Every structure is written in C-alpha cells, then in structure tokens.
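Asks: My questions will all concern the structure given below.
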Amino acid sequence: ITAEYMGASSLSRIRARRTAAAAAMKSPLYFELRGSALKVIGLSALFLAFSVGVPVSAFLRAVLRNPEPTLAGLDSATVPIGEHFALARVPGAHVYWLSVATFFATHVFYYAVSTAIQFWFYRGRSATPELWKVQPSKTASLRSPDRELWWLPLRRVFAAPQFVSKLRFPLHNRLATINLALSAFVAALVVELVLRGKTMLSFAPLTRADGSLRVDVLLGPLLQGTFIGFVAEQAFQYYWHRVMHTPFWYKRWHKTHHAYKAPEPFDDLMIWPLEGFAYYFMLFSPPMLCPIHVSGFLVYFLVHGLSGVADHCGVHFWIPLVYNAADHDAHHSHFEVNYATPFPYMDILHGTFRGEFFGVRFEHQGKLGAHHESSDVPKISTSSEGLKTS
C-alpha cells in the first residue's frame with residue numbers, strides 16, 4: 001500500500017537511507033566478550049551473577065517463604081491457594097495433582113506443536129522448501145532416504161547410536177528428552193509454589209461485582225507485571241547467552257546447541273542439560289520476581305513456548321516489529337549475532353543484531369571466534385547436496 005501511494009522507487013530510497021543510517025550507528029552498549037582474560041572473566045562473572053543469581057535466588061526465596069495468599073489477590077483467604085480453590089493433592093506425595101498434570105501437559109504441548117510443524121511443512125510441503133524454509137538450500141531432511149516418518153526424540157531415546165537417524169547428532173534423542181523433562185519439572189515446580197501461596201502470581205478479578213473494570217489490577221499485575229516479566233527474561237537470557245559464547249563455556253556446554261547450523265523441528269532441545277536447567281529457572285522466574293496476573297503469565301508462557309519451537313524449526317514465521325524466526329536461525333549460522341530471542345530489541349540495543357527491523361536492514365557481521373571452530377561436537381548442515389558434518 002505504501003509503495004502504491006509513494007512509488008516503489010521512493011520507498012526504496014527511504015529504506016536505503018534507513019539502512020545506511022543503521023549501518024553508521026554504533027550502539028553505546030556494544031561490547032565484546034573477548035580479549036584479556038581479566039576482562040572476560042570479570043564480565044562473565046558479573047553477567048552470570050545477574051542472569052542466574054537473580055532468578056535462582058528468587059526461586060529459593062519463594063520456596064522458603066511462608067504462604068501469603070494476599071499476594072495472589074485472594075484478600076479473604078487464610079489458606080494456601082490450592083486449598084482455596086479446593087484442588088486435590090496426590091495421596092502420600094504432598095503435591096497437588098495440578099502440578100503433576102503440568103509436568104505432562106508441558107510434554108504434550110511441545111510434542112504437539114513440533115509434530116504439527118514437521119508434518120505440515122517437512123512432509124506436506126517438502127516439494128517447495130523455497131516457499132517456507134528459512135534456509136531453502138538445506139534440504140537433506142526432505143530428500144534423504146534416511147529420514148524418519150516422525151522425528152519424535154522419545155521414539156529412539158534408548159536406541160544404540162547406529163540405529164539413530166544419520167541426520168541427527170547421536171545424543172540428540174537423549175538430550176532432547178532429558179531437557180524437556182527438566183523444563184516440565186521447573187514448570188510443575190512453579191505451579192506447586194503458586195498453589196502453596198509462595199509466589200506473587202495474582203488471581204485478582206479484573207472486574208468488580210457491578211461489571212466495572214478494576215484499573216488497579218489492569219495497570220498493575222496485568223500490564224506492568226507482564227511487561228516486567230518479559231523485560232527481565234530478555235535481560236537474563238541475553239547476558240547469559242553472551243557468556244555461553246565465551247571460549248570456556250562454549251566448548252564445554254553451548255557447542256552442543258550449535259551442532260545444527262540449520263535447525264529443524266525437535267532441534268531446540270539439543271542443549272547440554274546443565275545449561276538448559278539454568279535457563280529454565282530464568283524462563284519461569286516472573287511470578288517469583290514481581291506481582292504478575294495469571295492472565296499475563298499465561299500469555300508470557302504461551303509466547304515463549306511457541307517461539308522456542310518456531311526459532312529452531314527452520315520455517316518462516318514472523319510478526320512485524322515483534323518477531324521473526326529467521327533471526328535466531330541466523331544465530332545458528334553466524335554464531336555471534338542475534339543472541340536475544342524471541343524479540344530482537346536487546347540485540348538492537350547492544351549492536352549485535354543482524355536482520356531486518358522496521359524496514360531497516362542491519363548488516364552486523366558476527367565475527368567468528370576461534371573457539372567456534374574447534375570442538376568434539378560436529379556441526380550438522382543438511383544441505384541439498386546431502387548431509388554434511390564438520
């Protein structure tokens with residue numbers, strides 16, 4: 001529509017000027033985690049203390065906190081929230097059934113979304129990858145006779161390496177299954193803490209008995225709390241991810257996640273378990289950090305659950321000005337760009353973004369560090385010429 005009213009040439013000139021301005025800009029927050037050992041160790045320690053220390057300490061405070069149902073908006077309650085809603089506990093286990101259900105529901109949600117993407121695109125539209133694939137030249141999983149009908153990691157978790165698909169890293173199925181269980185465990189832990197009245201999750205009604213809107217709840221726990229939750233997670237994840245790309249942590253942990261240069265469904269959980277476990281505490285920390293409404297936290301959970309799969313599925317998914325799955329796909333191909341996910345804002349602020357945003361093409365070129373080039377973990381690239389492992 002803009003091109004029709006302004007003319008395609010005018011629009012191209014405007015975009016070119018924006019892109020040139022973006023290229024000329026130097027973010028004052030830009031920094032590199034390389035150079036002297038003292039600098040790398042000092043910044044890494046600072047970032048780890050923030051990104052891991054804050055959410056983990058928030059979880060510990062929640063575990064040790066006495067039940068405070070008033071924090072959840074249940075002003076008249078004098079019992080834990082789970083009992084307030086008459087929820088049952090598992091006999092002899094002293095945990096709520098809802099927590100157990102959350103553990104299994106997390107598995108069902110992940111398997112359902114990943115399976116739907118695999119069958120809809122990688123099987124149903126395998127003949128036209130150029131129309132939907134972020135890296136359309138990487139098509140070994142579409143053409144190879146070795147491909148499996150269903151890529152579900154759980155199917156081959158106990159299989160010997162020689163019986164695992166050659167399109168997957170030998171430990172892929174086991175690591176993916178372990179990491180999904182760890183993620184589901186932390187999600188269930190959050191639900192259990194909520195039901196025991198130990199978090200700041202609010203259940204306050206958004207309307208009064210007469211139908212009028214409660215502005216204090218809308219502006220407080222719902223909007224403000226949800227915003228703080230998203231911002232906090234983005235900050236934790238960005239600085240944590242930068243540390244994971246330093247030589248020490250990259251070789252020991254994070255290289256496993258970069259085994260795939262062109263990620264596809266079920267590749268997002270290819271993480272070293274200790275790294276994944278630490279990240280899940282950052283991901284699920286908002287109810288422990290600030291008052292946040294249950295509706296806002298469910299939106300937060302849904303956004304991260306869907307984007308985590310979309311980021312690593314190799315399919316073009318995008319929401320203008322908000323999200324583009326190709327951004328994180330570029331991180332797997334260029335390593336030291338686009339650390340933030342699902343939103344690009346932290347990368348733009350720190351000068352590490354590579355991609356297009358608001359009609360501006362950011363051409364930040366990630367400099368490949370030497371520690372990205374040597375490891376015992378192979379990089380797997382599924383090109384159209386066949387499987388290539390380096």
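The values are calculated or read from the model by the stated rules, or taken from the named source; none is laboratory data. It should be emphasised that the depicted structure is a prediction, and the values quoted were computed from it without experimental measurement. Reconstructed Cβ throughout: ideal geometry from the backbone, glycine too, with neighbour counts over all protein chains shown. For the accessible areas, the whole protein counts, side chains as well, though only heavy atoms, and no ligand, DNA or RNA atoms are used. Shrake-Rupley method; radii C 1.70, N 1.55, O 1.52, S 1.80 Å.
Asks: Using the Karplus curve 6.51 cos²θ - 1.76 cosθ + 1.60 with θ = phi - 60°, what ³J(HN,Hα) values do you get for each residue of segment 183-196, in whole Hz, with x for Gly and Pro?
Replies: Karplus-based 3J(HN,Hα) across segment 183-196 equals 4, 5, 5, 5, 4, 5, 4, 4, 4, 5, 5, 4, 5, 8 Hz.
Asks: Rounded if a/c is under 1.5, else prolate if a/b is larger than b/c, else oblate: which is segment 269-324, with a ≥ b ≥ c the root eigenvalues of its Cα gyration tensor?
Replies: oblate
Asks: Can you give me the P(r) profile for segment 240-283? Cα pairs, bins 10 angstrom wide beginning at 0, each as a whole percent.
Replies: In whole percents, the pair-distance histogram is 28, 56, 16.
Asks: Still on this model: Tally Lys/Arg at +1 and Asp/Glu at -1 over every other residue whose Cβ is under 10 Å from the Cβ of SER114; what's the total?
Replies: Every neighbour counted, the sum reads -3.
Asks: Counting only other residues whose beta carbon sits under 14 Å from that of ILE178, what net charge do I get with K and R as +1, D and E as -1?
Replies: 0
Asks: Tell me the Kirkwood radius of segment 183-342: reciprocal of the mean inverse pair distance over distinct alpha-carbon atoms, in Å.
Replies: Answer for segment 183-342: a Kirkwood hydrodynamic radius of 17.1 Å.
Asks: From the phi angles alone, apply the Karplus equation (6.51, -1.76, 1.60; θ = phi - 60°) to segment 244-258 and give each ³J(HN,Hα) in whole Hz, x where the residue is Gly or Pro.
Replies: Karplus values, whole Hz, x for Gly and Pro: 5, 9, 6, x, 4, 7, 5, 5, 8, 10, 6, 4, 4, 5, 9.
Asks: With the cut-off at 1.5 for a/c, could you classify segment 309-369 from its C-alpha gyration tensor as rounded, prolate or oblate?
Replies: Taking the square roots of the gyration eigenvalues as a ≥ b ≥ c, segment 309-369 is oblate.
Asks: When the accessible area of segment 162-281 is split by element with a 1.4 Å probe, what percent falls to carbon and sulfur?
Replies: Answer for segment 162-281: carbon and sulfur cover 72 percent of the accessible area.
Asks: Excluding VAL95 itself, what net charge comes from residues whose Cβ is under 15 Å from its Cβ, given Lys and Arg +1 and Asp and Glu -1?
Replies: Combined, the nearby Lys, Arg, Asp and Glu give +1.
Asks: Rounded to the nearest angstrom and ordered from largest down, what semi-axes does the equivalent ellipsoid of segment 207-294 get from its C-alpha gyration tensor (root of 5λ)?
Replies: 37, 14, 10
Asks: Using protein chains only and a probe of 1.4 angstrom, how many square angstrom of ASP329 are accessible, to the nearest 10?
Replies: Accessible area, nearest 10 Å²: 10 Å².
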